[in-house]
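Chemist: Here's a structure for you.
Derivation of every value follows stated rules applied to the coordinates shown; laboratory data play no part. Predicted model, so just to flag it, every value in this text is computed and none were measured. Here the Cβ positions follow ideal geometry from the backbone for every residue, glycine too, while neighbour counts run over all protein chains shown.
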Amino acid sequence: MTLARRRFLRAVLALALAGVTRSAWATAERAVNAFNGRSVESALGALDLPAAEDSALIDIDAPDVAENGANVLIEITVRIPSVERVLVLGERNVFPLLADTRFGPGVVPWFELKVKLGETSHVRVFALADGRLYTASRKVRVIVGGCLPG
Amino acid sequence: MADNTFRLQAKRIGDGIVQVKALIRHPNHNGLGRTAEGEPIAPHHLTEVTVAVNDQPLLTVHTGSGIAANPLLGWKINAGEGNRVSVAWTDNLDESGRAEVTVA
């Protein structure tokens, strides 16, 4: 009886500890206001990020010319150590913030993603590592916009 | 699994590294579009995609309405043969989906 109770208490304690040690990235709330922002400034303003510095360590692989803006594959490689968060924005989209990725340990800081681009614009990427914000961008020319129906 | 909204692939590409590709069937309406009759189409898009290995979450992507319809998402994660890789999504209407594969 007491043994069973001890085992039960231990299980409860382990669960509680697991809850506490679960890292911030896994429980982070979706930044709703940033996703609803209708300009790069308002999206970023809702995120409370440090000032960004340009970085050559962020590679954005995207087509120079996208015939169909509704389906543009972008590939992002971040060669900065201990990256915890990567933001992708289509600068001239109605809702510029496209994705907000949070990496835990055990992930190579690389990802690919299909996005919509409303018109020709820069795809801008921000990477947060050790409390510092890095940025890079790449221009994609869009022939047929992908946000509003034709 | 038997979730037909999903195609999930996990392939070993190097020592301890697995490339995951998820193809999620989802309209991803941003709320700006209209039907052929001119009726507005309500927003319906993915809000969160998570990737886990053996049920341990590895990364989370919060997405906006600017993700393509039926998008491809891919990552490279530390995993190996026999690990179970799962990808789960939810959208702004609280619909969800999940798929799991075992790394061969």
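Chemist: Return the distance in nm (one decimal) between the two label points of a simple spin-label model at A:SER82 and B:ARG98, each offset 7 Å from Cα along Cα→Cβ.
Modeler: Once both label points are built, they end up 3.3 nm from each other.
Chemist: Give me, ordered by chain and number, the residues 5 or more places off A:GLY104 or on other chains with an amide H under 5 Å from its own placed amide H.
Modeler: Excluding prolines and chain starts, which carry no amide H, the hits are B:LEU59, B:THR60.
Chemist: Filter the cross-link list A:LYS114/B:LYS76; A:LYS139/B:LYS76; A:LYS116/B:LYS76 down to pairs whose alpha-carbon distance in this structure exceeds 21 Å. It would help to have the intermediate numbers written out before the result.
Modeler: Details: A:LYS114/B:LYS76 16 Å; A:LYS139/B:LYS76 25 Å; A:LYS116/B:LYS76 23 Å.
Over 21 Å apart, Cα to Cα: A:LYS139/B:LYS76; A:LYS116/B:LYS76.
Chemist: Here's a follow-up. Is it possible to state the helix-based mean residue ellipticity at 222 nm for the protein assembly as shown, with each DSSP H run of 4+ residues giving -39500 (n - 2.57), the sum divided by total residues, to the nearest 500 deg cm²/dmol? What is it? Provide the component values of the computation, followed by the final result.
Modeler: Numbers: 4 runs with 35 residues, N = 254.
After summing the helix terms and dividing by the residues of the protein assembly as shown, the value is -4000 deg cm²/dmol.
Chemist: Give me a single rounded figure for A:87-96: the average over its residues of other chain Cβ atoms within 10 Å of their Cβ. The partial results should precede the final answer.
Modeler: Numbers: counts 1, 5, 2, 2, 0, 0, 4, 5, 8, 2.
Averaged over the peptide's residues, the number is 3.
Chemist: Simple spin-label model, 7 Å along Cα-to-Cβ: A:GLU67 to A:ARG38 in nm?
Modeler: It works out to 3.3 nm between the two label points.
Chemist: Now, a different point. Give the value in nm², to one decimal: projected area of the alpha carbon convex hull of the protein assembly as shown, averaged over all directions.
Modeler: Values: hull surface 66.2 nm².
Taking the Cα atoms of the protein assembly as shown, their convex hull projects to 16.5 nm² on average.
Chemist: Once you put a point 7 Å from the Cα of B:ILE17 and another 7 Å from the Cα of A:ARG141, both along the Cβ direction, what distance in nm separates them?
Modeler: Placing both labels 7 Å along Cα→Cβ, they lie 3.3 nm apart.
Chemist: Would you mind checking which residues have amide H under 5 Å from B:GLU48's amide H? H placed 1.01 Å from N; only 5 or more apart, or other chain.
Modeler: Answer set, sorted by chain and number: B:THR63, B:THR90.
Chemist: Cut-off under 13 Å on the C-alpha distance; same-chain residues fewer than 8 positions from B:LYS21 excluded. Which aspartates and glutamates are left, in chain and number order?
Modeler: Counting by Cα, and skipping residues close in sequence, B:LYS21 has these aspartates and glutamates nearby: A:GLU75, A:GLU112, B:GLU100.
Chemist: Using Cα pairs under 8 angstrom and six or more residues apart, how large is the relative contact order of chain B, in percent?
Modeler: Working: 249 pairs, mean separation 34.8, N = 104.
It rounds to 33 percent for chain B.
Chemist: Name the residues whose placed amide hydrogens come within less than 5 Å of the amide hydrogen of B:ALA79, ignoring near sequence neighbours (fewer than 5 apart) on the same chain.
Modeler: The answer is B:ILE17, B:VAL18.
Chemist: For B:GLU48, B:GLU39, what's the fewest-to-most ordering of other Cβ within 10 Å of each Cβ?
Modeler: On the way: B:GLU48 16, B:GLU39 9.
If I rank by nearby Cβ atoms, fewest first, I get B:GLU39, B:GLU48.
Chemist: Between the range B:1-41 and the range A:78-131, what is the C-alpha centre distance in whole Å?
Modeler: Here the answer is 17 Å between Cα centres.
Chemist: Follow-up. Just add up the charged neighbours of B:VAL61: K/R +1, D/E -1, any other residue whose Cβ is under 12 Å from the Cβ of B:VAL61. All intermediate terms of the calculation are to be shown ahead of the outcome.
Modeler: Numbers: positive: A:ARG30, A:ARG85, A:ARG102; negative: A:ASP100, A:GLU112, B:GLU48.
That works out to 0.
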